[in-house]
1. Tell me the net charge near A:Glu292. Cut-off is 15 Å between Cβ atoms, A:Glu292 excluded, with +1 for each Lys or Arg and -1 for each Asp or Glu.
2. Taking a cut-off of 17 Å between Cα atoms, list the lysines near B:Lys213, but don't count ones fewer than 8 places away on the same chain.
3. Taking a ≥ b ≥ c as the square roots of the Cα gyration tensor eigenvalues, with a/c under 1.5 meaning rounded and otherwise prolate when a/b beats b/c, else oblate, which class fits the stretch A:248-292?
4. Would you please give the residues with an amide H less than 5 Å from that of B:Cys170, counting only those at least 5 places away or on a separate chain, with H modeled from the backbone geometry?
5. Quick one: order A:His164, A:His257, A:His107 by neighbouring beta-carbon count within 10 Å, fewest to most.
6. Among A:Lys289/B:Lys147; A:Lys3/A:Lys150; A:Lys151/B:Lys160; A:Lys210/B:Lys157, which pairs are too far apart, with a Cα-Cα distance over 29 Å?
7. With axes computed from alpha carbons, what is the tilt in degrees of helix A:293-312 against the longest principal axis of chain A, rounded to the nearest 10 within 0 to 90?
8. Under a cut-off of 23 Å between alpha-carbon atoms, report the lysines in cross-link reach of A:Lys315, not counting same-chain residues fewer than 8 places apart.
Amino acid sequence: MTKNYFEVIRPGINTTFQDLGRKNLYHIGIPFSGAMDNRNFILANAISRNKENTPVIEFAYQGPLLKFKGEKVNFNITGNVSFKLIKREEQIEGNCYQNYTLEDGDHLDILSTNNSVYGYLAISGNIDVQFQWNSCSINTKANIGANDGKKIEKDQLIKILDTHSHNSNRKLEYINSKIENIRVIKGTNFNYFSDEGKKIFFEKEFTVTKLTDRMGMRLEGPKIENIVDTNIKSEGIIKGVIQVPADGNPIIMLSDHGTIGGYPKIGVVISSDYDKLVQLPPGSKIKFKEIELSDAEILFKLYEMETQNLVSKIK
Amino acid sequence: MIKNISNLGDAALYCDFGSDVNKEINSKVIKYFKNIKKKEIEGIINLTPSYNKLIISFDLKVTNYNSLKKIIENLELNKTEKLESNIIKIPICCEKEFAFDIKQLEEKLKISETKIYEKFFSKEYFCYMTGFIAGLPFLGDLDLSLKTKRLETPRVKIPKGSVGIAEQFCNIYTFESPGGWNIIGNTPINVFDKTKEKEPNLINPGDTVIFEKISKTQYEKYND
């Protein structure tokens, strides 16, 4: 078998290996991690005809510039991403959700995610990564996962194993839609907040700030007043939980969150809206909309169905 | 024993054991946690025990709130099973270079440094939970005279091994991390080891921790 690998010419801003994440470790302090945008992760592997939980490269804002060495490999990129394929003779402007072939010496330049945050690069084959607790997902805060738990760096080599050369024309017609309202179920400390604070939470606009990463999304807006206590006895957190600390600005916990927290929980983002939430770049305006548990469950079923329909539409 | 079960979002059960923080309530939480973990109930993907709550996260593709709530409400606990509890000794060096906040604590608590350490080292501590960052133990309870608030402005970086106190609890930072606890020393022991996939945590909920004061020389030689 020929050795296929990428040389990292430019690593990008926050480029990591991700899969579906690791389970059953919250009790020792290890979060779920995994691809932030689950649907785009699933689609990337589906287009590449990989198994569902195959490691991919996740990038944020600016992606990597990679030089391919070896025989031949197919790849596709999902999300809303501008990228170029630089071949000896020509340059190709790439389309997302479409397979392309890289040959020895070709460059793949992932320029930017457009009006979004995360994008995914899947290879038809396996990336050579270490697994920790059955997952390659890199958590850079705890240094857990592949690559010693660190971001992908300049000059490092990414080896590709077991390539399979399926139809390189496979593609999907799909455009990521933006979300206007983030739907939320009331949190366990909803009554810690004043009537005015509750009203603000569900009626006013909040802005996503730059202090947002894989751990959490910090928002800014009118202050949400707490009338009981700005601290609770530390307890478990899950992704999507919206905490409001003493300064009155909400923080949404994302995939690499701390497993225990001591701020009141005003709400929890519903599962079906999570993928679209994490794709909101700093500066985005969001509104929260209250929803009942039974409706959230139906919306999740629809979300799952839509993902499966998209997978079946890949041709 | 669970006082109330409610939903935390659409994919987690929030089991409330009460509002007090004590060993008795926490032991109940741990007992439920261990029993549920052992039963490997379909759909459960994470369990987070804390002082007096247990959060059960599940895969919404496999189960939902109402069905899982029924299972947990009708759960038969294995009553004969005793909670495993290890006694773990943790050496701490309290030299000035490690104890960033001791001077401030003297002022805040109005007790001398010697007395603070005397009171701190004279007690055994119970591990209520681990988390926030990987392997970090929440230990208690401190002598009442040592009860203190967190730093007003948390530190951006607290070195690995730092031992901190806040409210009636103490903890050990398992790796460099931001944090707001008052730091009174540092341990050379590795409290979280990611290379040990089965047992990465040295201290687990239900364990007893005994701190032992060591000198700078002992600290330096510890890992030789």
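1. Working: positive: A:Arg183, A:Lys186, A:Lys289, A:Lys301; negative: A:Asp273, A:Glu290, A:Asp295, A:Glu297, B:Asp10.
So the environment of A:Glu292 carries a net charge of -1.
2. B:Lys89, B:Lys96, B:Lys115, B:Lys119, B:Lys123, B:Lys221
3. On the way: a/c = 1.38, a/b = 1.25, b/c = 1.10.
Rounded is the answer for the stretch A:248-292, as its axis ratio a/c remains below 1.5.
4. Residues meeting the amide H criterion: B:Leu139, B:Gly140.
5. Numbers: A:His164 13, A:His257 25, A:His107 17.
Going from least to most buried by this count: A:His164, A:His107, A:His257.
6. Working: A:Lys289/B:Lys147 41 Å; A:Lys3/A:Lys150 24 Å; A:Lys151/B:Lys160 21 Å; A:Lys210/B:Lys157 20 Å.
Those over the limit are A:Lys289/B:Lys147.
7. 10
8. Answer for A:Lys315, where 23 Å is the Cα cut-off: A:Lys51, A:Lys72, A:Lys84, A:Lys171, listed by chain and number.
Quick note: the coordinates plus some simple rules give every number you see, no bench work behind them. Note that the structure is predicted; figures quoted are calculated from it, not measured. With ideal geometry, Cβ positions are generated from the backbone for all residues, glycine too; neighbour counts draw on all protein chains shown.
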